[in-house]
Amino acid sequence: MMKGVTDQTLLLRTLIALFVCTIAVVICYFWVDRPVAFFVERQQINKITIFKWLTFPPPWVQSWSPLVLTLLLGLGALRPLKRCQWTLVVACLSLLVADQFRTSIGDLCGRYWPETWFDHNPSLIGTGTYGFHPFVHGDDIGSFPSGHACRIVGFAAVWWHVYPRCRWLLLIICPPMLISLVAMNYHFVGDDIAGSVLGGIVAAWAVRLGSLSGFHPGLTQRAFQAPETG
């Protein structure tokens with residue numbers, strides 16, 4: 001659970017991740033995103049049904065997260081939560097915050113989608129529209145960063161930090177879902193990278209804050225103190 005990592009170290013890692021992510025996104029924008037999107041369309045990879053199915057779980061998990069949080073917080077008011085239960089609380093909160101953060105950045109960046117797939121939205125393949133249009137918001141220009149990638153990594157990365165022995169399972173589950181976003185032409189490669197990095201950053205800070213005791217308004221400190229064992 002990032003033992004021995006100070007806030008300053010985590011902040012430095014966050015800045016490095018953002019720097020590397022920015023370089024990767026720029027490279028993708030000029031040399032990767034368009035060729036991959038056209039390749040997917042030309043080879044009709046987005047017609048493969050399993051890729052579409054793999055895009056369903058992230059919104060489902062987000063939809064159920066508020067209910068799961070409510071139930072676990074209610075349980076925590078009665079008795080201390082087990083470590084896995086507290087981890088689920090932190091993971092759900094991380095997912096929700098990451099997705100909202102993604103919405104804010106999406107409005108800030110304003111990127112058109114790879115393909116037209118709802119309400120005649122302008123896109124690279126559908127209308128030949130490509131690029132970023134800062135400070136213009138709306139679903140028709142919300143491709144960057146990927147909300148699905150944010151949700152996937154924002155939720156999974158919490159478990160990655162807390163339960164290192166389960167990382168193999170996350171490596172089996174998460175990459176196919178991330179790949180499916182590009183395979184369906186729902187997002188550019190750069191969108192996927194940015195969403196994943198954003199979700200990972202939010203998850204890292206969520207784990208950091210979730211491991212702290214104290215300040216739990218309206219709730220008993222004992223019930224919501226992050227468990228050390230279990």
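Here, each number is a calculation from the coordinates, and none is a lab measurement. All values reported here derive from a predicted model rather than from experimental measurement. In this analysis, Cβ positions are derived from the backbone assuming ideal geometry, glycine residues included, and neighbour counts consider all displayed protein chains.
Numerical summary
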{"quantity": "Two-site FRET efficiency, Q8 against Q44, from Cβ-Cβ distance with R₀ of 45 Å, rounded to 0.05", "calculated": "0.35"}
{"quantity": "Packing-based exposure ordering (other Cβ within 10 Å, fewest first) of L96, L108, L178", "calculated": "L108, L96, L178"}
{"quantity": "Cα long-axis angle, helix 33-43 against the chain (0 to 90 degrees, to the nearest 10)", "calculated": "70 degrees"}
{"quantity": "For the stretch 50-59, Karplus couplings with θ = phi - 60° (6.51, -1.76, 1.60), whole Hz, Gly/Pro x", "calculated": "4, 5, 5, 4, 5, 8, 6, x, x, x"}
{"quantity": "Simple spin-label estimate for V32 and L71 in nanometres, 7 Å along Cα-Cβ", "calculated": "3.8 nm"}
{"quantity": "Selected from V207, V90, V40 as most flexible by GNM, with the chain as the system and alpha-carbon contacts under 10 Å", "calculated": "V40"}
{"quantity": "Between helix 7-27 and the chain: long-axis angle, C-alpha atoms, 0 to 90°, nearest 10", "calculated": "10 degrees"}
{"quantity": "Spin-label zone in the stretch 97-124 - amide nitrogen under 12 Å from a point set 7 Å from the Cα of V136 along the C-beta vector", "calculated": "109-113, 122-123"}
{"quantity": "Whole-Hz ³J(HN,Hα) from phi, Karplus 6.51 cos²θ - 1.76 cosθ + 1.60, for the stretch 144-158, glycine and proline x", "calculated": "10, x, 5, x, 4, 5, 4, 5, 4, 6, x, 7, 5, 5, 4"}
{"quantity": "Cα-based radius of gyration of the chain once divided by 2.2 N^0.38 Å, which approximates compact folds", "calculated": "1.08"}
